[in-house]
Amino acid sequence: MSRSLVSPSSLKRKRPETQLPGLVDAEHAILNLIKSKKDLGIWTREIKLETKLADNVVTKSVKSLLAKGLIKEVVNIQNKAKKTYMAVEFEPSKEISGGEWYNNGELDKQLIDALKLVCFRYMRMQKVATLEGVHNEIKKNGVVTFDISSQQIGEILNSMVLDNDIIEVKSTGLGDYYSIPIGKTCYRVAGGAGVAKGPRMGAFATIPCGACPRISFCTSDGVISPSTCVYYTKWLGIDF
Amino acid sequence: MVSPHGIQFAAHLISSFYGELCSKVCECLLRRGTLTLAQIIQSTELSRENVINCLRVLIHQNCVQAFAVQREGAFGEAPRIVTQYMALFNNIIHKLRAPKFMQIVSEELGKDGLMQHGRLSLKRIIDRNEQTAGSSDIHVVRESFIRLLNARFIERCPAPEPFLAPPAEDEAPAKRRGAKSAKIAEPKTTEQRALAAAAPMESMRFLMEMDDLPEKNDDESSDSVTHRKKRKQDVLKSDEDVLDANDKKEVLWRVNFEELVRRLRTKACISYVKTKINDEAGIVLSAILDLSGRPESRQKAEKTAYLSINAIYDEVIKKEGGLGMDFERIRVSLNQLGCETLSTGLDESYSIGTHLSSFSYFNAVVESVVLRRYGREAYRVFRLLSKAGRFLETDKISDSTFVEKKDAIKILYKLWKDDYLHMEKVVSSGARQSLFLVWRVNKQTLWEQVLDEMYHAALNLRLRIAHEQDRGKEVLQLPREKLVGELEKKYKLLGKVRVILESSLMNLDEAIMLFHDF
């Protein structure tokens, strides 16, 4: 069977390897190609393009390699429709898998929410907490089954900061911060004004126009206008 | 240039207060910038007489400023002096705040109905007071006047028609020297120069000279006619000049919006800090601002002078709720407020930004809008970009905010379409050429966009108020006895609706005032 391999480098890679028993040349070529992609994986169409093998050959070989446990299929977060294959010895890179927070191509919201809750409760008790403190608490708590890193906890905390549930501050060494070195980043539960409360901050957001998705179409005498606005009618509680 | 809805809102306000014609003239100036009389006439297609009358009203009400410039003659003609008119957008919007201003004045100085109208000379103030209060004691009026002046609630009116000399010859070579030197001395626009030229000198602004005070009621002041309408006509004397000849001689006084806005802003600042941090921080901020007093010049001070911890403490304990505070707690508050410290030896002093922008008010407003309009995930995305202050790539955004990548794209696109974000496409070079989208919040354009929306909302509120009043006018016109059963319910509902709309407008107006300060 004639094969034409595209890059000379893959040829080079092929020679030093001893032929794995039970693999035909096609499977070998494909396996090597897949291995060369390491943790990025490769999808079917690309395999076909790079090896220039016939469609059915590729399909058959991939199936065979899968059955032999030499490659595995992974979900590609970038494009779930693309069947991506990877050598078994590699773990999908963050680009493909989406990272530690993705499970089977989807964001593991349950896990994230659970972690957020534990962090928040701890901080509410402590008033002020450092990253290390929270990390230790999570590990102690046993809420996760895997070995969660400090960096991952940091990501959770940052997300909570973005939600304005907690705020990031620097320790002054005074008051509540007495046990924390000056200048160290720590976190505390956000004060009551988490999200624009009160008339002055929320003045715009609490009227219909502030939340209106059609504000750019609204004119004083157009089809969408304050006089005819249904959001206003609802907000004012009038129906006469 | 004022934003589109800002213009509409201003025009609407002028129309409510001074009629359609004035509104047309005003809108023309706001849209087209500074114009001459001839240009206004041409643009509005109103008669010359109407335009002149409108300009007089608008100038009197401090909504328009006139100034004279020299125009080069065409084809060898001698240069001539031409009068131009510019709209004063901020002052127009202040009309909406008149009740709040009156409240501040009466809180500070007790009931004082002196300055209700555009601009008046002291003589006219006394005359007017005679009619309304029935008393002819000019000493009482004079004293009130001085109190208002000392509190800086009133100021000298700007010059009615200052002359702007053409830019000096030596400015031109500076520009030629290159972009660098031109940047150092940013040339003022004509409008800025006009306002600067019109403004009284700082030393004179709040100064009343002795001969300004009339000794007795002159019979000659035949302006002491009883009818207010006639009085207005006196000011708007019908001659060719837009400006009343009298105006040019007498010292005229008007409400000092700057001071009132400053006070409103300070109040709002303290209240905002109390909500955002806690009461103690509010007390400390109030103490600091009191100690700092008002900025001496027209320039807005970026931050206060450095104040010692002792001075701050002394001021804090005077305040309500401040007596129990000690140095330690004050320091904590100062830290929370983001004060800058300066510690030299035994001295410990602090300085703080004087604008709400120091307390991320701008962010708070915009973020609350994003949350309500686009949802919680969009809120996180927006906050991330806002804090980052630079371009971030889609994946990075999605990772940091725990938003699914496909959802992140949708959110980013929506925000971008509504002008809340900037977007750029980046093509990465290398073995794999891929297209990345990067996103960023641009504070300047965002501020303009949101402010415009706020004006739009304010206009909408006013239009809706008018609409509801119109719809319910039959019920509103009924005498009280007839308001029973269904009609009574309707009446009450109308009242409730009005309260909601008007209080929302008041709150929104305050938010606009603070937001504008950014």
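Structure note, pairs B:LYS387/B:LYS414; A:LYS35/A:LYS63; B:LYS95/B:LYS123; A:LYS139/A:LYS184; B:LYS100/B:LYS482: Cα-Cα distances above 26 angstrom occur for B:LYS100/B:LYS482.
Sorting B:GLU424, B:GLU348 from the fewest to the most surrounding beta carbons within 10 angstrom yields B:GLU424, B:GLU348. The mean number of Cβ atoms from other chains found within 10 Å of a Cβ in peptide B:497-507 is 4, as a whole number. Given axes a ≥ b ≥ c from the Cα gyration tensor, I'd like to know whether the range A:108-201 is rounded (a/c under 1.5), prolate (a/b larger than b/c) or oblate. In terms of gyration-tensor shape, oblate.
Name the shape class, rounded, prolate or oblate, that the alpha-carbon gyration tensor gives for the range A:20-102, where a ≥ b ≥ c are the square roots of its eigenvalues, rounded holds for a/c under 1.5, and otherwise prolate holds if a/b is larger than b/c and oblate otherwise. Judged from the Cα gyration tensor, the range A:20-102 comes out prolate (a/c at least 1.5, a/b above b/c). Judged by the mean number of other Cβ atoms found within 10 Å, the most tightly packed of the peptides B:473-480, B:400-407, A:63-70 leads the ranking B:400-407, A:63-70, B:473-480.
Length available on full extension from B:VAL426 to B:ILE409: 0.36 nm per residue minus the Cα-Cα distance, which gives 4.6 nm. Averaging Cα coordinates gives a centre for the range A:47-107 and one for the range B:380-422; these two points are 29 Å apart.
At 0.36 nm per residue, and after removing the present C-alpha to C-alpha distance, how many nm does the segment from B:GLN469 to B:LYS318 gain when stretched out fully? Provide the component values of the computation, followed by the final result.
On the way: separation 151, 0.36 × 151 = 54.36 nm, distance 4.73 nm.
Extra length from B:GLN469 to B:LYS318 when fully extended: 49.6 nm.
Please work out whether chain A counts as rounded, prolate or oblate from its C-alpha gyration tensor, where a ≥ b ≥ c are the square roots of the eigenvalues and a/c under 1.5 means rounded, while otherwise a/b larger than b/c means prolate and anything else oblate? Since a/c reaches 1.5 but b/c is at least a/b, the shape of chain A is classed as oblate.
Provide a whole-number value for the mean count of partner chain Cβ atoms within 10 Å of the Cβ atoms in peptide A:225-231. List each step's numbers first, then the result.
Details: counts 4, 12, 8, 2, 4, 0, 0.
The mean count of partner-chain Cβ atoms within 10 Å per residue comes to 4.
For peptide B:452-462, what's the mean number of Cβ atoms from other chains within 10 Å of each residue's Cβ? Before the final figure, lay out the partial values.
On the way: counts 1, 7, 5, 0, 8, 10, 3, 4, 13, 5, 2.
The mean count of partner-chain Cβ atoms within 10 Å per residue comes to 5.
Based on the Cβ-Cβ distance from B:VAL82 to A:ILE112, what FRET efficiency comes out when R0 is 60 Å, to the nearest 0.05?
Working: r = 67 Å, r/R0 = 1.12.
About 0.35, to the nearest 0.05.
From most to least packed by mean Cβ count within 10 Å, the peptides B:72-78, A:102-108 give A:102-108, B:72-78.
Stretching the chain fully between A:ILE167 and A:LYS60 yields a gain of 33.0 nm (0.36 nm per residue, less the alpha carbon separation).
Past the 18 Å Cα-Cα mark, which pairs from A:LYS68/A:LYS94; A:LYS37/A:LYS72; A:LYS38/A:LYS83; A:LYS116/B:LYS406; A:LYS94/B:LYS405; B:LYS396/B:LYS425?
A:LYS68/A:LYS94; A:LYS116/B:LYS406
Measuring between their Cα centroids, the range B:253-294 and the range B:477-509 lie 34 Å from each other.
Read-outs: derived from the displayed coordinates by stated rules, not from any lab. Just so you know, these numbers come straight off a predicted model, no measurement behind them. Because the Cβ atoms are built from the backbone with ideal geometry, glycine has one as well, and the counts that use them run over all protein chains shown.
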